[in-house]
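Peer 1: Take this structure first; my questions come after.
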Amino acid sequence: MTRTWLIVRKDALVLRRSPFLFGILLAYPVAIALLVGLVAGYSNSKPRVALVDEDNLPATVVIGGKRFHVDHTIKEVSRNVKLVRLSADDAQRQLRTGQVVAVVTVPPGFISTLEGMVRSPKLEVQLSHGTISSRVDQQVQALVYSLNRQLQRAYIDTNLKYVTLILSGGKGTFLGEPIDVIGLERSQKVLQAMPQTRRVRVLEDFIHDARLALANTGDALRATAHPIQIAHTGNRGRTSALSAQVQATAIALTITFLALMLAAGSLASERDENVIGRLARGLVSLGHLVWAKIVLAAALALMLGVAIAVAFGLIIEIGGVEGGEPWQRLPLLVIGLVLAGGALGALGALLGALAKEARSASLVALLVVLPIVFLGLIPAEVVPPAGWASTVLPFTHAVSFFRSALFDLSPWGELARQALWLLALGGIFGVLARLGARRLLA
Amino acid sequence: MSDQPLLAARGAGRRFGETVALEAVELELLPGEGLALVGPNGAGKSTLISLLAGALQPSEGRVERRKGVRVGWAPQRPAQYGRLSARENLELFAKLEGEADPEEAAARLLESFDLPGAPKPSANLSVGNRQRLNLAIAFLGAPEVLLLDEPTAALDPEQRRRLWERVDALREAGGAVVFASQHLGEIERHAGRVVALRDGRLVFAGTVDEYDRPEADTLSA
């Protein structure tokens, strides 16, 4: 252990003597984290959807006596997508080339069907292929849902006018034809003026019950249109930028880059410096050398992870962010950082042993770390193969451990599971690195 | 002085994949002995020294070391950490060699090899100074056997003289040295026996007197 510790101290000293390299190694994952954030933000931005107007939508349309400004209405309901008016041909071309993710076509006769208020007109929707098509479909559905909500009010108002006509009587129109309705109130008065036979009383009872029932038609119609309503009670909780997921991912991403690249580079550099033979002839065994790189990676992961967590926590405390920072959970985070740093260090040592040269090892580590991180960021439910692949890599388990350690109410089960994963992966990669380290002597 | 060899290669050979770097070699190194390895570039001298040092494991045969014998090794290409100073390198390897007082051992060798004590990365030292540091590290841990691969290639005459003084003193104290060299004068002065290698094969083993000068010239060509 003393000899391992001597090598770890030497590596730390060498790292301290390379401030530029260390700075780059620190800045790089932060830059990548920002880029990932930007990409994530982009993926949440409004997709571009083509609107093909084959019905020559007018500037305004009257439905149920309510006037709609078409452009204003489209703007109101398309908050989640960016609607662009295109010709049918242009829309198809842009859909093929991926410039738009969907085409919404307003077919001929759409407005007249809508104004008739008897049948439901249909919008035609074409989606692009690919992983985001389901999300676009949801957003187009949200667009139609918003449009329907606007129209429902007009439909309900119109239907209620008919109900009022049935209740109180009077003149109106139906399917464009004028009608004159006696109404329940006037019918009741006519019956009251008639001799009160049993059959007349039965009719009066029916009219009485019908008036009571129809008096509640407005609420019933609204309830039918919206069986469940959403009541917004004000914004609570953190912004997504300060969420538990972002904090856990940022820490994991940073230590993944650092631990992997440092372990790979420092093991391979023992050969570059021609020192590996001097060490391996009895001073430091290859096993101890690999172990030293794992310890170095774990120590750096611990220092940086804690620094990021503290910086994050200070931002949250100073900003008075909802929920605050769970400072009492830092000891759990420390355990996770050591385990994750060790597992990543073992993987890095394996890469260093296989690459043999420090430059190649750093390049290989860089090439390997990006897919590891991106695989871990893809939700397993969306792309199951990505989930399977990331299961055998430490990044995903590190994220889960950190998130659970910091924010789960009862983290123990998840922590134990992820700790076992990290230990097992670290052990496997460590053994492979030890076996591969023999290549450094060749 | 025991006749039991300090170090011996028993059919030790080494392959790198399909390439045979050194065919099986039988060799014994006795106390007080100086053994010179000669041969052209790529003959297998460095591989044999690495095998004797334990820096490489033999693909066949074995290397035996008398119990308790300590071996110092200076490879042909300096083996030290470029970002550490000469003193830091010496202190680190002194600790790894188990020196009782690593700082004192480092200071002694710095002075003895006339190395700069300034905290300057050893990568920035001159070629000669880096080779001196390489040799100084080999003397850590009070070795009885020295394995030196082209030790004087980058040294000036004064440093060469001082190195051989140390080597001869070690031999007189019962130690032994194996060195690879292209300098026949050094071989004649500091070796009792010569082993010649060519294309990974041992082609000659005998005393310096038996070593035929024309043959040596051919081997070293």
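Peer 1: Do you know the Lys pair count in chain A for C-alpha distances under 28 Å, with sequence separation 8 or more or different chains?
Peer 2: Summing the qualifying lysine pairs gives 17.
Peer 1: Let me ask something else about it. Given contacts defined as C-alpha pairs under 8 Å and at least six residues apart, what's the relative contact order of segment B:28-128, whole-number percent? Walk me through the intermediate numbers first.
Peer 2: Details: 71 pairs, mean separation 22.6, N = 101.
Result for segment B:28-128 is 22 percent.
Peer 1: What fraction of the DSSP beta bridges in chain B is antiparallel, stated in percent and rounded to the nearest 5? Intermediate values should be presented prior to the final figure.
Peer 2: Details: 20 of 37 bridges.
Expressed as a percentage, antiparallel bridges in chain B total about 55.
Peer 1: Roughly how tilted is helix B:86-96, in degrees to the nearest 10 and between 0 and 90, from the longest Cα axis of chain B?
Peer 2: With rounding to tens, the tilt is 70 degrees.
Peer 1: Run the simple label-point estimate for B:Ala100 and A:Phe20 please: 7 Å along Cα→C-beta, distance reported in nm.
Peer 2: Each label point is offset 7 Å from its Cα along the Cβ direction, giving 4.5 nm.
Peer 1: Further question on the same structure: Using the Cα centre of the protein assembly as shown as origin and beta-carbon charges of +1 (Lys, Arg) and -1 (Asp, Glu), tell me which of A:Pro121, A:Leu13, B:Ile49 is placed farthest towards the positive end of the dipole.
Peer 2: A:Pro121
Peer 1: Still on this structure: In degrees, nearest 10, range 0 to 90: what is the angle between the Cα axis of helix A:286-319 and the longest Cα principal axis of chain A?
Peer 2: Result, in degrees: 40.
Peer 1: Moving to a separate point now. Percent relative contact order of chain A, based on C-alpha pairs within less than 8 angstrom and at least six residues apart? Before the final figure, lay out the partial values.
Peer 2: Working: 580 pairs, mean separation 64.6, N = 442.
In percent, rounded to a whole number, it is 15.
Peer 1: I've got another one for you. Could you tell me which of rounded, prolate or oblate describes segment B:80-123, using a ≥ b ≥ c as the square roots of the eigenvalues of the alpha-carbon gyration tensor, with rounded for a/c under 1.5 and, failing that, prolate when a/b is larger than b/c and oblate otherwise?
Peer 2: Details: a/c = 2.39, a/b = 1.31, b/c = 1.83.
Oblate, because a/c is 1.5 or more while a/b does not exceed b/c.
Peer 1: Something else: Give me B:Arg15, B:Arg83 ranked fewest to most by other Cβ atoms within 10 Å of their Cβ, as a rough exposure proxy.
Peer 2: Values: B:Arg15 15, B:Arg83 20.
Exposure proxy ranking, most exposed first: B:Arg15, B:Arg83.
Peer 1: Please find, in a Gaussian network model of chain A (springs between Cα atoms separated by less than 10 Å), the residue of A:Glu381, A:Glu177, A:Glu115 whose mean-square fluctuation is greatest.
Peer 2: A:Glu177
Peer 1: Something else about it: Farthest toward the dipole's positive end in chain A, which of A:Thr249, A:Leu432, A:Gly169, given Cβ charges of +1 (Lys, Arg) and -1 (Asp, Glu) about the Cα centre?
Peer 2: Of the options given, the answer is A:Leu432.
Peer 1: While we're looking at this one, here's another question. Between helix A:394-407 and chain A, what is the angle of the helix's C-alpha long axis to the longest principal axis, kept within 0 to 90° and rounded to the nearest 10?
Peer 2: Between the helix axis and the principal axis of chain A, the angle is about 60 degrees.
Peer 1: Evaluate the charge dipole of the protein assembly as shown about its Cα centre and quote only its size in Debye, nearest 20, assuming +1 on the Cβ of each Lys and Arg and -1 on the Cβ of each Asp and Glu. Spell out each step's value before the answer.
Peer 2: Details: 70 positive and 62 negative charges, 458 e Å.
Rounded to the nearest 20 debye, it is 2200 debye.
Peer 1: Only Lys, Arg, Asp and Glu count, each charged at its Cβ (+1, +1, -1, -1), so figure out the dipole size of segment A:260-371 about its Cα centre, rounded to 20 debye. Display every interim value, and only then the final one.
Peer 2: Details: 7 positive and 7 negative charges, 106 e Å.
Result for segment A:260-371 is approximately 500 debye, rounded to the nearest 20.
Peer 1: While we're on this one: Would you work out which of B:Gly72, A:His288, B:Ser59 lies farthest towards the positive end of the dipole of the protein assembly as shown, given +1 charges on the beta-carbon of Lys and Arg and -1 on that of Asp and Glu, about the Cα centre?
Peer 2: A:His288
Peer 1: How shielded is B:66-73 by partner chains, expressed as the average number of their Cβ atoms within 10 Å of its Cβ atoms?
Peer 2: Working: counts 0, 0, 0, 0, 1, 2, 0, 3.
Per residue, the number of nearby Cβ atoms from other chains is 1 on average.
Peer 1: Next up: Can you give me the Cα centroid spacing of segment A:360-376 and segment A:9-31 in angstrom?
Peer 2: That distance is 18 Å.
Peer 1: Okay, next question. If you take each beta carbon of peptide A:3-10 and count the beta carbons of other chains within 10 angstrom, what is the mean?
Peer 2: On the way: counts 3, 0, 1, 5, 2, 0, 2, 8.
Mean shielding count: 3.
Peer 1: A further question follows. So, by mean Cβ neighbours within 10 angstrom, what's the order for B:65-74, B:85-94 with the highest one leading? Kindly include the intermediate steps, with their values, before the conclusion.
Peer 2: Numbers: B:65-74: 17.3, B:85-94: 24.3.
Highest to lowest by the protection proxy: B:85-94, B:65-74.
Coordinate-derived values only; no laboratory data. Remember, it's a predicted structure, so these values are computed and weren't measured experimentally. Cβ: placed from backbone, ideal geometry, glycine included. Neighbour counts: every protein chain shown.
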